Amino acid sequence: MASNSDAKLSTARLVTRLGLVVVAMFGFGYLMVPIYDVFCDITGLNGKTSNEVAVAPVIVDTSRTVTVEFDSTLNEAMQWDFQPDVRKLSVHPGEVKTVTYRVRNRMAQAVDGQAIPSVAPGGAAEYLKKTECFCFTQQTLNAGEEKLMPVTFFVDPELPADIRYLTLSYTFFDVTKVASNTH
Amino acid sequence: MSEATTHDAHDHHDHGPAKGLMRWVTTTNHKDIGTLYLLFSLLMFFIGGAMAMVIRAELFEPGMQVVNPHFFNQMTTNHALIMIFGAVMPAFVGLANWLIPMMIGAPDMALPRMNNWSFWILPFAFTMMLSTIFMDGGAPAAGWTIYPPLVLQTGDAFPFMIFAIHMMGISSVMGAINVIATILNMRAPGMTLMKMPLFVWTWLITAYLLIAVMPVLAGAVTMLLTDKYFGTSFFTAAGGGDPVMYQHIFWFFGHPEVYILILPAFGIVSQIIPTFARKPLFGYSSMVYASASIAFLSFIVWAHHMFTVGMPVAGELFFMYATMLIAVPTGVKVFNWVSTMWKGSMTFETPMLFALGFVVLFTIGGFSGLMLAIAPSDFQYHDTYFVVAHFHYVLVTGAIFAIMGAAYYWLPKWTGHMYNETLGKWHFWLSTITVNILFFPQHFLGLAGMPRRIPDYSVQFAEFNMISSIGGFAFGLSQLLFAYIVISTIRGGAKATDKVWDGAEGLEWTLSSPPPYHSFSEAPEVK
């Protein structure tokens, strides 16, 4: 029966190894989250724009004009009015511009909102930079309060020549519950 | 399968099964557990099938007729989850339990107690899953892919669904570890890897796929759970997450999963066709390598399920070409099956009919898959009935036809009784004709633009939907015949010989029919 106990030993070892693979793959599922973020950061593929404050460039490329369109969306339960003052703007790459959004809370209580920017086409996301934005922090509006929210941005002169239209889209999410949950 | 038959002449002094209900609860015998898995799968097949009947009844005519839209969505979601995790996967695990030890000359599975556990988790998981239908807010209704943010709107059912999926995952991971340990450690002397029957090979590869991707699904649904209840933002854009990332993680599991659902079917067909063509399988080693290549490629094609999320052209091209590459090993397999039959002395008993039906109809599903793989045209087909037609051709006439072929092929071995050949043929022809009436028109509906997962449709789609529903009801009814044949074969019938089929090859046919409760306590010599 010597061979039998050998086989048992190796079964135990095999099962342990397979178990480790299972644990590792569970971890890999979670590892995909940072991998995804880093990958999208480098490539700008998912249209997420950086929420870091950019420094305005010195050069303005007056040889071409890019049309930037502004879009506003509210997430499901959000009872706000949210509109940009201008729908579109022609800018030279490198030129710094400010656009304001008009936001009003229609609810009878204070609401914390977080605006999430997105740029289309996705490949242009990394070239649309903001020096100031209401999306950098959470915005709290009291019942019925109205605010003008500015965003100051420029289009990086490095923008590939084939991109002539950009859309900057904001979605406001209600984070009141999330904010109170984390306390 | 019943106590009476396993007690037949063959248990001399070695102990047979215990008596009564506790035999089934406490059993560690691979044949008992195989039987439990197969019967459970049959039950789930009818429950999932009943849900499909609700879907087809609602789609029989345009407009809202039978159920409300929310309930319709619950039906599509649960039909898929039950058919995938409750019917097809347990059926394959049941076949693995019954057949792998007998095919490799082992006395039992390597880990019999874990085997018992991995089965007995399932009834609890599915009871929990099905109980959500009666909960506040109804059962999950966001599709089997449970994409956020939609799935986060599920009512009380949400955590129950997540935990049910966890339990199904644990069950299949344990089953897979057991299969690998059995195949690698318990083969009879002389049974080298490249002598193993193809069913064993495809299951070995499937088991590796299972342990690689089921934990990823577990991770993805756990992220959904913490997003909903614990304030994390994996997929919530408000907190910096991205719902598209869920799709990437899900399909990293989901694409290997579809091969988990088909590779054992390839194995089954590769056992049946040589028997009835009376020729050895053509290109055995190329079959093994093709299966392994399909498994490898399954890890790098996931994003073809999400061509429309806004990928860059380079990504679409990569996933398109990688996907089309899978057609090569799959083509090798189809070629080998056809070559096995070439100049063979074929006969057409029911298992062979199902295997032939598989080869023809699965190939149709494969071709519509190739059409969907073409990224630019996928924008037109995405989320239409064309997709529904495609995956039902590969899963119903693919996986399920193979499972039914396997049931007819090995039922005489398992029970010691021959099934009724006339009824078996009736079942095959009824199924094959009705399944095509059911799913073939859905190709046209999809190409014409009918979206999937919607309870109502434009009147231009009325005729094809009515034809499809009629086919659906007829296909559903035909399966009652299958249940009748299986049950009556378990209960009695003409005595089956040990070899059952005169062209059959392999160790399982050297045992008596039915095989003794403990087989191969002394390992057979394989030359």
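The values are calculated or read from the model by the stated rules, or taken from the named source; none is laboratory data. In this text, all values refer to a predicted model and were calculated from it rather than measured experimentally. Heads up, the Cβs are rebuilt from the backbone with ideal geometry, glycines too, and the neighbour counts pull from every protein chain shown. The protein model used for the area step is the full one, side chains on, heavy atoms only, and it has no ligands, DNA or RNA in it. Shrake-Rupley method; radii C 1.70, N 1.55, O 1.52, S 1.80 Å.
Data table
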{"quantity": "Leading residue by the ranking (most open to solvent (accessible area, probe 1.4 Å)) among those in the stretch A:35-55 that are facing chain B (nearest Cβ under 8 Å) and at pLDDT below 75", "calculated": "A:K48"}
{"quantity": "Conditions (1) among the aromatic types (F, W, Y); (2) under 23 Å from the mean Cα position of the chain (by Cα); (3) buried (at least 19 other Cβ atoms within 10 Å of the Cβ): number failed by B:F276", "calculated": "(2)"}
{"quantity": "B:F40 being open to solvent by 60 Å² or more (accessible area, probe 1.4 Å) and modelled with pLDDT of 80 or more", "calculated": "no"}
{"quantity": "Cross-chain or 6+ apart pairs with Cβ under 7 Å, the stretch A:137-159 first and over 30 Å from A:G94 (Cβ atoms), then part of a loop (DSSP other than H, G, I, E, B)", "calculated": "A:Q138/A:V175; A:T140/A:A110; A:L141/A:A110; A:N142/A:A110; A:A143/A:M107; A:A143/A:A108; A:A143/A:Q109; A:A143/A:A110"}
{"quantity": "Neighbours by Cβ (under 9 Å, 6+ apart or cross-chain): first from the stretch A:107-119, more than 28 Å from A:K129 (Cα to Cα); second in a strand (DSSP E or B) and open to solvent by less than 10 Å² (accessible area, probe 1.4 Å)", "calculated": "A:M107/A:W80; A:M107/A:L141; A:A110/A:L141"}
{"quantity": "The stretch A:67-103: number of residues that are over 21 Å from A:V175 (Cα atoms) and touching a helix residue (DSSP H, G or I) at 6+ places or on another chain (Cβ under 9 Å)", "calculated": "1"}
{"quantity": "Residue match in the stretch B:429-445 (condition: more than 20 Å from B:V394 (Cβ to Cβ), within 23 Å of the chain's Cα centre (by Cα) and not acidic (D, E))", "calculated": "yes"}
{"quantity": "Criterion violated by B:F276 - all others in (1) in contact with a strand residue (DSSP E or B) (Cβ under 8 Å, 6 or more places away or on another chain); (2) more than 8 Å from every other protein chain (Cβ to nearest Cβ) satisfied", "calculated": "(1)"}
{"quantity": "Candidates B:I170, B:I183, B:I162, B:I211, filtered to the one that is assigned to a helix (DSSP H, G or I), away from chain A (no Cβ under 11 Å) and not acidic (D, E)", "calculated": "B:I162"}
{"quantity": "Among (1) at pLDDT 95 or above; (2) among the aromatic types (F, W, Y); (3) under 24 Å from the mean Cα position of the chain (by Cα), the one test that B:F60 misses", "calculated": "(3)"}
{"quantity": "In the stretch B:17-71, the residues that are of a type in the set (G, A, S) and in a helix (DSSP H, G or I)", "calculated": "B:G34, B:S41, B:G48, B:G49, B:A50, B:A52, B:A57"}
{"quantity": "A:V155 buried (at least 19 other Cβ atoms within 10 Å of the Cβ), in contact with a His (Cβ under 9 Å, 6 or more places away or on another chain), away from chain B (no Cβ under 14 Å) and under 30 Å from A:S63 (Cα atoms)", "calculated": "yes"}
{"quantity": "First in the stretch B:465-480 and free of Cβ contacts under 8 Å to residues at least 24 places away in the same chain and within 10 Å of B:L438 (Cα to Cα), second anywhere and open to solvent by 10 Å² or more (accessible area, probe 1.4 Å) and part of a helix (DSSP H, G or I), Cβ under 9 Å, 6 or more apart", "calculated": "none"}
{"quantity": "Qualifying position, being in contact with a Gly (Cβ under 9 Å, 6 or more places away or on another chain) and open to solvent by 20 Å² or more (accessible area, probe 1.4 Å), among B:M114, B:M167", "calculated": "B:M114"}
{"quantity": "Residue count for the stretch B:279-297, restricted to those that are open to solvent by less than 30 Å² (accessible area, probe 1.4 Å) and either touching a strand residue (DSSP E or B) at 6+ places or on another chain (Cβ under 7 Å) or under 14 Å from B:K195 (Cα atoms) (or both)", "calculated": "3"}
{"quantity": "Within the stretch B:214-236, considering residues that are at the interface with chain A (Cβ under 7 Å from one of its Cβ atoms) and in contact (Cβ under 8 Å) with a residue 40 or more places away in the chain, the one least open to solvent (accessible area, probe 1.4 Å)", "calculated": "B:P215"}
{"quantity": "Residues of the stretch B:252-273 classified as open to solvent by 20 Å² or more (accessible area, probe 1.4 Å) and not β-branched (V, I, T), total", "calculated": "3"}
{"quantity": "Count - residues of the stretch B:473-521 that are outside any helix (DSSP H, G or I), open to solvent by 30 Å² or more (accessible area, probe 1.4 Å) and closer than 30 Å to B:M194 by Cα", "calculated": "8"}
{"quantity": "Neighbours by Cβ (under 9 Å, 6+ apart or cross-chain): first from the stretch B:355-382, under 17 Å from B:M311 (Cα atoms); second of a type in the set (D, E)", "calculated": "B:L372/B:D378; B:A375/B:E316; B:P376/B:E316; B:D378/B:E316"}
{"quantity": "Search result, residues across the stretch A:110-134 that are over 14 Å from the mean Cα position of the chain (by Cα), under 29 Å from A:K177 (Cβ atoms) and either among the charged types (D, E, K, R) or surrounded by fewer than 19 Cβ atoms within 10 Å (Cβ to Cβ) (or both)", "calculated": "A:A110, A:D112, A:E132"}
{"quantity": "Hits in the stretch A:68-94 (condition: open to solvent by 50 Å² or more (accessible area, probe 1.4 Å) and more than 14 Å from chain B (Cβ to nearest Cβ))", "calculated": "A:E69, A:D71, A:Q79, A:D81, A:Q83, A:D85, A:V86, A:R87, A:K88, A:S90, A:H92"}
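Every residue, every condition in (1) touching a helix residue (DSSP H, G or I) at 6+ places or on another chain (Cβ under 9 Å); (2) aromatic (F, W, Y); (3) closer than 23 Å to B:G169 by Cβ, yes or no:
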{"position": "B:T236", "(1), (2), (3)": "yes, no, no"}
{"position": "B:H248", "(1), (2), (3)": "yes, no, yes"}
{"position": "B:F252", "(1), (2), (3)": "yes, yes, yes"}
{"position": "B:G283", "(1), (2), (3)": "yes, no, no"}
{"position": "B:S286", "(1), (2), (3)": "yes, no, no"}
{"position": "B:A295", "(1), (2), (3)": "yes, no, yes"}
